[in-house]
Amino acid sequence: MTLRGEMFMEQPSAETLKVILAGHWKLGGELPKADKVQQRLESRPGVRHLVFDTRGLADWDTGLLTFLVNVGTFCSQQNIQLNRDGLPPGAKRLLELAAAVPEKKDARKAEERVSFLIYLGNETVNFFRSAGQLLEFIGEAVIAVRRLVQGQAQYRRADLGLIIQAVSAQALPIVSLICFLVGLILAFIGAIQLQLFGAQIYVADLVGIAMVRLMAAIMTGIVMAGRTGGAFAAQLGTMQVNQEIDALKTLGISPIEFLVLPRMLALALMMPLLCLYANVMGILGGMVVGVGMLDIGFIQYYNQTAAAVGLWNLGIGLFSGTVFGVIVALAGCMRGMQCGRSASAVGDAATSAVVTAIVGIIVSTAVITILCNFLGI
Amino acid sequence: MTETAAHITVRDLTMAYGDFVLMRDLTFTINRGDIFIIMGGSGCGKSTLMTILMGLKAPAKGKVFYGEVDFWGADPQTRNRIIRRSGVMYQSGALWSSMTLAENIALPLETYTNLSPAQIREVVKLKLALVGMAGFEEFYPAEISGGMQKRAGIARAMALDPEILFFDEPSAGLDPVSARRLDDLILELRESLGTTMVVVTHELASIFAIGNNSVFLDVSQRTMTATGNPNQLLAETRDPNLRLFLTRGEQS
Ligand SMILES: Nc1ncnc2c1ncn2[C@@H]1O[C@H](COP(=O)(O)OP(=O)(O)OP(=O)(O)O)[C@@H](O)[C@H]1O
Ligand SMILES: [Mg+2]
């Protein structure tokens, strides 16, 4: 049996409406709506006073209070005097408490509807502003590097060690898997085409050059963007939420030197090593296809690869790797430092760190490729 | 007390987040060795006022002077030098979560002093003991309670024996006895080291026990309505809002 609250209305005089409340006025039960009182009041415009009779009320909770608040709002709009004397004393006091601090009007965020043009304008301005922030951040990072070279940078060696471990040794399994498979896939795709000409042996050249010059660095960069860039943004973002970064600033310690510098350094140092390792894994992947499927001899494959991959290719690959490392670190740290003060802002920071890093990697690959083309290497 | 010299002077300060003006026309002076209380309802901008005094957020209008130096008019290096002589305890503790309490307190010492590691360990031990947390050196912030995080934050703020200490609600979340001990600590630091304290607090008992100067921020008027010794304010004020605040809303 559901509990029911009852409401009756009577009019002792033309100016007064008496609302009689009875039964169980508890949330979850069947309760009459405040609209009924409102309809009644609208149909009798002469009513100036509202009184309550709650002698029949068995028990009540928030269900009664919300009803009374709704009635009260309507009455104050219509200038009808509300007499709370008939209410249970507890309910009366709670209502008074609820009304003690007036609603702060300007605290509520105004929900404006903006026209498309304004939206477009704002977005454009924001775009340029964020480009400015990016440059500013890079500038600060460069200054931090200068101070590092001068031996003045304030950071903890122990932190640097931990970060190096996190971005190198702990990244090996995933880098192995991805690069091995990429090498394998490249070999497969190449093999099908090259077999048509009976030139299977050139699979070794294809895989070797592609991996060493480009793919190893890009794949490692993308893995690190997802794995490490996101982690950096989340770490720094959480520190922002907890005012830990403010605490560094008020101590006069530059958060760029203390937090960003070791991360950038760790990635810049470790990415070339990871790339080197990724090269080996990629070539191994290609070799599995070459030796296993195309019947190329192991030594033959090795010699072919060694002849195809020049030192220049290796140099360009490692250089790209270093650049990608710096990009991943900068993107992660910048998004983390710009993070707002909420849990969802940390999520946004991690997402946009990964996106920024991947875009940065692709764009800089294009730049490096075009430059190499110009320089003829 | 000996002669009073202005330590921090705030003149015609307006603070705002974008278009949302929190407080305008704030003018008051914090003297050397004061225990200065910032009072006001929740959300009226006390923490924001602190961030302006500490150099984290620029004021919308007006000036802050440290001694004779115009704080926000100065270049960042000067600002940094001034603020380095202060210690801050944040409302949320803001301990560095990846470091132990000992490392948290040691960081300022490692950065700005030439103490040996052994000396630093001793200082850390003392500071933790002062806030009643001896023996918690090797704990991480996540492993201790909220009130303990507050106290560890205070220990960190005191690490360098700064000239000015900013405390944002130091006793919120503490039991009455610890809160009382904290009051004693604040008074003691002022007596022995002459530290200027800027304290945001709602604890009336604390306000009257330790405060010798204060400012009251009134939300409804969007400005300060009183400044001076809180005991004197209670005795003399006619402002109903301030009376309500200082008497917990009991006499109106
Ligand atoms: N980053 C921000 N952006 C916009 N508005 C903010 C921001 N931080 C605080 N505010 C607003 O400024 C007002 C004052 O905040 P502040 O933290 O200074 O209050 P407070 O006086 O310290 O309150 P409490 O006693 O509860 O700590 C609040 O109304 C809040 O909505
Ligand atoms: Mg606050």
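For the reader, a short list of remarks on this structure follows.
- Within segment B:150-177, considering residues that are more than 22 Å from B:I8 (Cβ to Cβ) and away from ligand 1 (no atom under 16 Å from the Cβ), the one most open to solvent (accessible area, probe 1.4 Å): B:P176
- Count - residues of segment B:27-46 that are within 16 Å of ligand 2 (Cβ to nearest atom) and either over 17 Å from the mean Cα position of the chain (by Cα) or on the phi > 0 side of the Ramachandran plot (or both): 3
- Tally, over segment B:93-110, of residues that are surrounded by 18 or more Cβ atoms within 10 Å (Cβ to Cβ) and within 11 Å of chain A (Cβ to nearest Cβ): 11
- Residue check, B:G41 within 11 Å of ligand 1 (Cβ to nearest atom) and within 30 Å of B:G249 (Cα to Cα): yes
- Listed by position, the helices (runs of 4 or more DSSP H) enclosed by segment A:207-281 that each have at least 2 residues that are buried (at least 19 other Cβ atoms within 10 Å of the Cβ), within 14 Å of chain B (Cβ to nearest Cβ) and in contact with a Cys (Cβ under 6 Å, 6 or more places away or on another chain) are A:230-241.
- A residue that is hydroxyl-bearing (S, T, Y), more than 20 Å from B:V200 (Cβ to Cβ) and within 13 Å of another protein chain (Cβ to nearest Cβ) occurs nowhere in segment B:13-32.
- Entirely in segment B:1-120, the helices (runs of 4 or more DSSP H) that have 3 or more residues that are more than 23 Å from A:N242 (Cβ to Cβ): B:76-84
- Test set (1) away from ligand 1 (no atom under 16 Å from the Cβ); (2) within 18 Å of the chain's Cα centre (by Cα); (3) more than 14 Å from chain A (Cβ to nearest Cβ) - B:M133 fails condition number: (2)
- Residue within segment A:154-164 that is in contact with a Pro (Cβ under 6 Å, 6 or more places away or on another chain), assigned to a loop (DSSP other than H, G, I, E, B) and more than 19 Å from A:P272 (Cβ to Cβ) present: yes
- Candidate set: segment B:33-57, residues that are polar (S, T, N, Q) and within 12 Å of chain A (Cβ to nearest Cβ); chosen: the one least open to solvent (accessible area, probe 1.4 Å): B:T51
- Residues of segment B:157-174 that turn out to be more than 12 Å from ligand 2 (Cβ to nearest atom) and over 18 Å from B:S42 (Cβ atoms), as a count: 9
- Matching residues, segment A:332-377, being within 22 Å of A:I209 (Cβ to Cβ) and open to solvent by less than 30 Å² (accessible area, probe 1.4 Å): A:I361, A:S364, A:T365, A:I368, A:C372
- Qualifying positions in segment B:72-92 - in contact (Cβ under 8 Å) with a residue 40 or more places away in the chain and either open to solvent by less than 60 Å² (accessible area, probe 1.4 Å) or more than 10 Å from chain A (Cβ to nearest Cβ) (or both): B:S86, B:G87, B:V88, B:M89, B:Y90
To keep it simple, each residue is scored yes or no on (1) among the aliphatic types (A, V, I, L, M); (2) surrounded by 21 or more Cβ atoms within 10 Å (Cβ to Cβ).
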| site | (1), (2) |
| --- | --- |
| B:A179 | yes, no |
| B:G194 | no, no |
| B:V198 | yes, yes |
| B:R222 | no, no |
| B:L234 | yes, no |
| B:R248 | no, no |
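- Failed criterion for B:I83 (all others in (1) within 16 Å of ligand 2 (Cβ to nearest atom); (2) closer than 24 Å to B:V215 by Cα hold): (1)
The values are calculated or read from the model by the stated rules, or taken from the named source; none is laboratory data. Predicted, not measured: the structure shown is a model, and the values here were computed from it. Cβ: placed from backbone, ideal geometry, glycine included. Neighbour counts: every protein chain shown. We work out accessible area using only protein heavy atoms, side chains counted, and drop any ligands, DNA or RNA first. Shrake-Rupley method; radii C 1.70, N 1.55, O 1.52, S 1.80 Å.
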